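Student: First the structure, which I've put down as structure tokens, then a few questions once you've had a look.
The values are calculated or read from the model by the stated rules, or taken from the named source; none is laboratory data. Nothing here was measured: the structure is a model prediction, and the numbers come from that model. Cβ atoms come from the backbone with ideal geometry, glycine included; neighbour counts cover every protein chain shown. Just the protein is used for accessible areas: all its heavy atoms, side chains included, with ligands, DNA and RNA removed. Shrake-Rupley method; radii C 1.70, N 1.55, O 1.52, S 1.80 Å.
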Amino acid sequence: MVLKRVLNLVTCFFIFFGFLVVSCKTELSPIKQYKPVYDFYALGQSLENKASDEFHNAIMKNQNDLIYIDPNFATNNRLVFFTQNNMKKISERKKIQNVSNNYQLLNVLEKQNLNQDLEKIVKNSNLKKTILDSMTQELGIYKEILDFPNSELWFDSISWNFDYLDFNYLDLKSENLYVSNLDLNLVFNYKYLNVNKNIIKKQYVENISITISNQQNIMKDLKYLTKDLRENLLKNKFQYAWFDAANLNINNYSKMFKLSSINFQNVLQFKKFEDSFLNYIQKKISYHERNGEINYDFIFKNSDNLFKYKLIDKISSFDIKENKYNAKKISLDDSMSTSNAKNTALFKLIFSELKAEDDIVLENKLVRGSNLLNKFLSENYNEWVNDFQKIFNEKFNTYSDSAISYGEIYLKNFGLYFKEFNYFHPVKISYYTCTSINNFNDAYLNDASYKGICIPAKDSIYKAIYQNVVDSIKIFQQAYALQKNDWKTITKASSLIILNQNNIFDLYSKSNTGISNINATLGLFIASQNSLYDLDLRNKFLDETNSYSFNFQFSSSQNKTNIPYIKTEDKKIIFTKFKNQDNLTIDINLSFLNITFEIVDENYYLFERTLLQQN
């Protein structure tokens with residue numbers, strides 16, 4: 001079973017506690033030294049995703065001044081490297097010299113000229129300003145990880161590297177027309193702080209292809225095409241911009257919430273896609289011979305390594321912008337009320353035993369499931385779906401009622417082909433895509449009136465959410481070896497959560513590691529001798545649960561100065577509440593379960609309590 005391979009933590013996971021006795025001997029009191037590991041991680045991941053998206057958007061927005069160079073542009077910016085004579089000279093040199101990296105073909109002066117020209121091009125394109133402007137309103141979200149000393153900026157620079165440098169040149173006709181390209185990596189350098197206030201330097205690298213030509217129709221077509229395809233394939237209902245579970249051949253809807261390039265291979269890596277894509281272009285651009293000019297076509301050079309897919313946004317209950325990431329607050333007390341009984345049962349369903357003993361309806365079919373879980377999800381899924389589809393439809397000026405995520409397809413081996421010269425000119429193309437569980441009756445795709453969200457029992461989106469949650473709870477309970485508990489109310493619980501002996505934890509009976517390390521470990525941030533945390537197990541858990549976020553921790557407030565006092569002792573996690581402290585919460589972010597359980601009964605805090613115990 002994949003789970004056993006991915007999460008075989010029986011012997012390694014809670015050794016973390018024992019390990020930290022050695023590595024953290026100088027740790028002061030847990031309250032003074034609390035480290036919100038998950039908060040910094042979540043913010044860092046969000047910033048990385050946002051930065052990469054905005055850098056790519058900036059390249060696309062400024063492409064006319066960045067990746068297309070005609071003689072006027074070269075003259076006005078006093079370019080030396082990107083000229084017809086120079087591109088022809090170095091391309092001819094490439095044909096006769098055998099080197100491991102094309103950068104080695106350039107002499108010292110050419111390397112200097114290349115760097116100077118790139119500096120002018122990047123500056124002229126206003127790429128930096130575009131990125132900074134796009135991030136201005138977002139920076140407040142990340143202030144905790146961007147709080148640099150000496151007023152340093154999160155943005156470092158835009159640079160380039162020549163790891164995959166390539167260049168080619170073609171004389172088109174006797175009238176001195178030509179087309180040439182230079183491929184290189186453009187690099188966005190930025191930084192943020194980790195939980196230890198160490199600076200983490202990051203790079204987002206994008207391979208670009210710069211076209212240099214004095215053939216105006218080619219330049220005009222390329223400028224139009226790279227912009228039109230990215231923005232309008234989805235709007236124009238292009239078949240291969242809209243995907244659902246059926247055409248992706250995904251039977252388990254749960255997997256639709258974490259797609260990768262491999263999921264699209266059976267659809268995109270075939271001639272049918274290539275023909276449809278090229279036919280779309282042919283309708284948009286009359287790029288064949290005009291007024292006696294040279295013939296060229298758009299083609300795919302080959303079908304190998306044709307594309308990559310990158311998710312941008314999806315339906316989620318998690319929101320980085322909100323307090324506790326938009327977690328739903330649920331109270332636990334000692335009362336016999338109906339609401340407390342329901343809340344307690346939900347806590348046990350997650351942390352004790354998931355039962356499928358009820359008849360529920362999913363996608364118009366009667367199945368066995370949990371009424372309790374079904375009720376909780378059905379009460380909240382409208383909000384999750386509406387919030388996402390509002391963002392999606394406003395961005396693309398559509399009215400889809402089936403969208404669950406959108407991303408971008410980056411095509412490779414695509415470009416212009418000059419048959420007369422058997423010459424291929426590469427073009428970097430990407431376009432937006434939408435995914436659904438079932439888009440057969442989508443209002444936008446069928447030019448129908450917007451219907452809104454179906455009731456849960458009929459909705460395929462709801463079924464996917466329910467399946468994803470159930471699968472994730474099962475994996476969570478198996479990985480953590482959660483044991484059934486029999487307590488009826490929280491004050492009667494000898495331990496809120498019980499693990500059996502063969503679990504991912506090996507509690508170190510003599511250590512007092514403090515809440516920072518306990519919460520880090522509960523959230524699958526594993527101590528490493530070589531780095532702050534080893535995320536391999538965490539990432540595999542996320543893959544297993546088809547999720548992008550996960551957290552499990554004991555807390556009491558987002559105020560880092562008001563945290564619970566927690567220690568490990570005799571294979572238990574023990575909590576004590578002191579005067580003026582907030583109530584204890586148990587935070588869980590698992591699939592669409594983004595919940596903060598708060599213990600509000602004062603009787604629970606009269607003495608020391610066991611939160612987690614290994615039997």
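Student: Kindly indicate whether ASP387 is at pLDDT 95 or above and open to solvent by less than 20 Å² (accessible area, probe 1.4 Å).
Tutor: Working: at pLDDT 95 or above: yes; open to solvent by less than 20 Å² (accessible area, probe 1.4 Å): no.
No: the conditions fail for ASP387.
Student: From SER352, SER337, grab the single residue that is out of contact with any Ser or Thr (no Cβ under 9 Å at 6 or more places or on another chain) and either buried (at least 16 other Cβ atoms within 10 Å of the Cβ) or on the phi > 0 side of the Ramachandran plot (or both).
Tutor: SER352
Student: Mind listing just one residue for me: the one in the range 303-333 that is over 16 Å from the mean Cα position of the chain (by Cα), assigned to a loop (DSSP other than H, G, I, E, B) and not hydrophobic (A, V, I, L, M, F, W, C) and, of those, farthest from SER261 (Cα to Cα)?
Tutor: ASP333
Student: Here is a follow-up. Condition check: surrounded by fewer than 20 Cβ atoms within 10 Å (Cβ to Cβ), outside any loop (DSSP other than H, G, I, E, B) and out of contact with any Lys or Arg (no Cβ under 6 Å at 6 or more places or on another chain). Does VAL179 satisfy that?
Tutor: Criteria not met by VAL179.
Student: Moving on to the next point. Taking the range 188-223 as the search range and keeping residues that are in contact with a Lys or Arg (Cβ under 8 Å, 6 or more places away or on another chain) and within 30 Å of PHE167 (Cβ to Cβ), which one is modelled with the lowest pLDDT?
Tutor: Result: ASN217.
Student: Another question about this same structure. If the requirement is being aromatic (Phe, Trp, Tyr), surrounded by fewer than 19 Cβ atoms within 10 Å (Cβ to Cβ) and part of a strand (DSSP E or B), which of these qualifies: TYR164, TYR192? I'd like the intermediate steps shown before the answer.
Tutor: Working: TYR192 fails: surrounded by fewer than 19 Cβ atoms within 10 Å (Cβ to Cβ).
Only one candidate passes the filter, namely TYR164.
Student: Now, a different point. Restricting attention to the range 445-464, which residues are crowded, with 22+ Cβ neighbours inside 10 Å and part of a loop (DSSP other than H, G, I, E, B)?
Tutor: Result: PRO456, ASP459.
Student: May I pose another question? Within the range 560-581, track down each residue that is modelled with pLDDT under 85, open to solvent by 10 Å² or more (accessible area, probe 1.4 Å) and more than 17 Å from ALA42 (Cβ to Cβ).
Tutor: THR561, ASN562, TYR565, LYS567, GLU569, ASP570, LYS571, PHE578, LYS579, ASN580, GLN581
Each row is one residue, and each column tells you yes or no for (1) at pLDDT 85 or above; (2) touching a Ser or Thr at 6+ places or on another chain (Cβ under 9 Å); (3) not basic (Lys, Arg).
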site: LEU9; (1), (2), (3): no, no, yes
site: PHE14; (1), (2), (3): no, yes, yes
site: CYS24; (1), (2), (3): no, yes, yes
site: PRO36; (1), (2), (3): yes, yes, yes
site: ALA42; (1), (2), (3): yes, yes, yes
site: ALA51; (1), (2), (3): yes, no, yes
site: GLU54; (1), (2), (3): yes, yes, yes
site: LEU66; (1), (2), (3): yes, yes, yes
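Student: Can I ask one more? Residue by residue through the range 69-126, note down the ones that are open to solvent by less than 30 Å² (accessible area, probe 1.4 Å), in a helix (DSSP H, G or I) and not polar (S, T, N, Q).
Tutor: Correct list: PHE73, ALA74, MET87, ILE90, LEU105, GLU110, LEU114, ASP117, LEU118, ILE121, VAL122.
Student: Which one is modelled with the highest pLDDT, of the residues in the range 133-150 that are more than 24 Å from ASN198 (Cβ to Cβ) and either surrounded by fewer than 16 Cβ atoms within 10 Å (Cβ to Cβ) or in contact with a strand residue (DSSP E or B) (Cβ under 6 Å, 6 or more places away or on another chain) (or both)?
Tutor: In this case the residue turns out to be ASP133.
Student: Confirm whether GLU206 is within 23 Å of LEU79 (Cα to Cα) and outside any strand (DSSP E or B).
Tutor: Judged against the criteria, GLU206 is not a match.
Student: Further, regarding this structure: So, in the range 341-393, of the ones that are of a type in the set (Ser, Thr, Tyr) and closer than 18 Å to PHE592 by Cβ, which residue ends up farthest from the chain's Cα centre (by Cα)?
Tutor: Among those residues, the one meeting the criterion is SER370.
Student: Can you name the residue in the range 218-237 that is open to solvent by 20 Å² or more (accessible area, probe 1.4 Å) and not basic (Lys, Arg) and, of all such residues, is nearest to the chain's Cα centre (by Cα)?
Tutor: Among them, the one singled out is GLU231.
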